[in-house]
1. So which aspartates and glutamates pass the test for Lys322, namely a Cα distance under 19 Å, with those fewer than 8 places away in the same chain ruled out?
2. Considering only C-alpha atoms, what is the centroid distance from the stretch 389-442 to the stretch 73-140, in Å?
3. Rounded to the nearest 500 deg cm²/dmol, what is the calculated helix-only ellipticity per residue at 222 nm for the chain, with -39500 (n - 2.57) per DSSP H run of length n ≥ 4?
4. Can you tell me how the stretch 358-471 classifies by the Cα gyration tensor, rounded, prolate or oblate, using a/c under 1.5 as the rounded cut?
5. Looking at this model, which pairs from Lys148/Lys231; Lys54/Lys568; Lys148/Lys298; Lys266/Lys417; Lys417/Lys481 are more than 27 angstrom apart at the alpha-carbon?
6. Translational diffusion coefficient, Stokes-Einstein: compute it for the stretch 55-107 using the Kirkwood radius over C-alpha pairs as Rh, at 37 °C and 0.692 mPa s, and state it as an integer in µm² s⁻¹.
7. Find the Cα radius of gyration of the stretch 465-590, compare it with 2.2 N^0.38 Å by division, and give the number to two decimals.
8. What percentages make up the Cα-Cα pair-distance distribution of the stretch 172-285 when the bins are 5 Å wide from 0?
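Values quoted throughout were computed directly from the atomic coordinates according to the rules given, and no laboratory measurement underlies them. From a predicted model like this one, the values you see are computed outputs, not experimental measurements.
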Amino acid sequence: MFKHFFSLLILVLLFVFFSVQPVPAQEDTGTEDDLLQMYFTEDELVEVAARFPKPMIRVAENVSVITAADIERMNAHNVAEILNRLPGVFIQFNGRGFNQSSTIFIQDSDYEHVLVLLDGIRWNSIYGGMAELNSIPVQIIDRIEVIKGPASSTWGSSLGGVVNIITGNTGNSTRPKGLVSASYGEKSSQEYFASLAGRTGHAGYFVSAGSQSSDGFLHNRMYDRENIYGKFSLDLPHASLLTMTTGYSEPELRFFDWPESSFGAKGRQRHFWSKLNFDTTITDKLNINVNAFRYEQKFVNNYYSLPDNTSYYDDVSDNLNKGFGSQLTWQTGGHLLVFGGEFERTSYDDESNIYYDESWGLYLNDTITFGSITLIPGIRYDYLSTSADMVSPGLGVTWQMSEQTLLRFLVSRGFRKPYIYDIYKGGGSGLDSETVTSYQAGVESTALNWCRLKANFFEHRIKDEWNFDSSGSLYNGGKAKRYGYELELETAAWHYFSVLSSFSYVYTDYYGNKKNDDTYTGKLTLLYQHPQLFTAELFGRYMWWNEHRADNLNSDYGTMICDLTVTKEFQLSEQTAFDLFFTVHNLFDGRDYWISIYDNAHRWVEAGLRFNF
């Protein structure tokens with residue numbers, strides 16, 4: 001326990017050291033006025049809470065946002081590395097190599113509880129509900145919005161939270177703008193990417209292509225991916241817009257070779273998606289959206305014997321998800337009313353049988369403003385072919401106490417539905433949805449003029465929790481309560497130095513079904529950002545896992561793992577810039593892994609360049 005306390009003490013001392021320094025005049029730093037705004041202002045809009053952009057100070061959910069500029073500065077190669085920076089989000093890396101697989105937990109929820117969306121398309125696999133985060137090229141992302149806690153009154157099955165990934169817009173000028181980037185590191189770890197965006201008359205476009213590959217750092221864990229993506233828009237009469245997105249990504253990776261067990265595993269994925277979206281403004285107060293999508297996933301996992309690599313088992317899953325939706329949004333006076341519906345049909349093909357699932361939902365939410373107080377009621381009805389229908393209400397309140405302080409309160413119900421695989425292949429016949437009742441309260445403030453503070457407290461009461469019986473079949477056999485807090489602190493810049501830090505704690509009570517345990521993490525970013533010199537970012541994460549998330553006999557965790565990235569920008573002209581960057585991964589060569597077959601990579605380095613034009 002002492003090492004846990006010691007790590008937390010180090011974080012606190014760093015907070016104090018960098019925070020108590022006096023803030024000089026703006027001409028010395030150039031960024032204090034921006035930094036000392038609240039975390040979210042009236043001007044910053046977020047889509048994930050209401051499925052329509054609205055100011056974050058009118059959002060009761062616990063939301064974090066990461067922008068394209070943040071992603072570029074951290075030199076991330078996959079979505080998991082990006083989400084790893086957020087408080088309340090716990091990433092379980094499978095090796096910490098170059099773009100290896102990983103799973104996401106929000107406030108210690110199961111990874112199947114977390115709904116991942118890419119431009120509104122549900123990215124979770126029908127094969128058990130896991131979302132493959134290494135299949136999405138990060139360079140196409142404009143921003144990521146994350147709800148921590150249930151969001152079923154808006155999104156349906158999302159007991160643990162929502163990760164809303166929004167891609168970049170099409171171009172707005174006839175002169176194309178683009179990006180060309182390349183990086184190369186140890187073990188032939190390399191990434192190449194190019195994109196182009198522009199406009200011709202009433203039509204806009206954004207197209208990109210990229211590739212990644214690595215020989216792997218430990219246990220022959222190689223990785224390879226090719227991807228293409230396109231977004232096209234067409235301005236139509238009467239303030240209407242038609243947008244089509246389409247993409248293809250094909251990661252291939254070797255999970256591990258494990259000579260001690262004469263066993264190895266590798267996998268290949270295929271992701272092909274497309275969406276057609278139509279927006280029209282009937283009046284300045286009324287907006288209508290209609291959309292349709294198709295998303296195909298294929299997973300081929302091969303398990304083989306060592307040393308002759310003899311294949312003895314292939315696990316094949318061919319999944320198809322398609323559907324459509326419509327939404328009406330009405331803004332008037334102190335109201336933002338959103339009413340919509342959606343239908344999805346999914347199929348799962350294991351090369352022996354094809355299984356089907358249909359679901360549809362209706363949702364209604366409102367944002368009602370009374371001066372400094374905002375009331376946010378919402379409700380959703382879901383028809384589920386795999387289990388009983390669900391009704392998910394929610395009620396939130398925000399209160400702007402002063403110009404420096406905002407309070408948030410939320411009570412909601414949520415659920416996680418069974419996927420086709422759970423019902424037909426996982427032994428879950430008769431399985432019902434898990435449900436949760438959630439209570440949350442939060443505060444953010446800039447009352448101290450040298451920093452921004454944010455805190456969130458939560459309690460999630462889960463019923464009909466899924467468990468495995470002695471034969472390995474799923475059943476609704478228990479309940480659990482997860483409660484804890486998230487703390488964030490960001491300092492103003494002092495001689496171009498600033499600090500962003502967080503600590504998240506979750507305690508889970510299993511009511512006698514399992515041993516109660518806790519999960520906690522401390523995250524620290526030290527940032528030096530000088531516009532005429534360079535940008536340097538040191539990020540570290542300390543993680544302590546709930547024993548049910550890690551193999552206690554074959555794991556090694558509880559170490560601060562740090563990455564350092566240095567970037568130098570060369571402004572060649574008003575419209576062109578050239579960046580050189582250098583990254584040291586696992587700077588202090590720490591050991592941190594949840595199971596020994598996925599022990600993490602040692603220290604490794606890479607360098608690259610980006611050319612924006």
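1. Result set, ordered by chain and number: Asp119, Glu132, Glu296, Glu342, Glu344, Asp349, Asp350, Asp357, Glu358, Asp382.
2. For the stretch 389-442 versus the stretch 73-140, the Cα centre distance is 20 Å.
3. -2000 deg cm²/dmol
4. Numbers: a/c = 3.94, a/b = 2.08, b/c = 1.89.
In terms of gyration-tensor shape, prolate.
5. Working: Lys148/Lys231 29 Å; Lys54/Lys568 35 Å; Lys148/Lys298 29 Å; Lys266/Lys417 29 Å; Lys417/Lys481 19 Å.
Lys148/Lys231; Lys54/Lys568; Lys148/Lys298; Lys266/Lys417, as the Cα separations exceed 27 Å there.
6. Working: Rh = 12.4 Å.
My calculation gives 264 µm²/s for D.
7. 1.55
8. Going from the shortest bin to the longest, the percentages are 2, 10, 14, 14, 14, 11, 9, 8, 6, 5, 3, 2, 1, 0.
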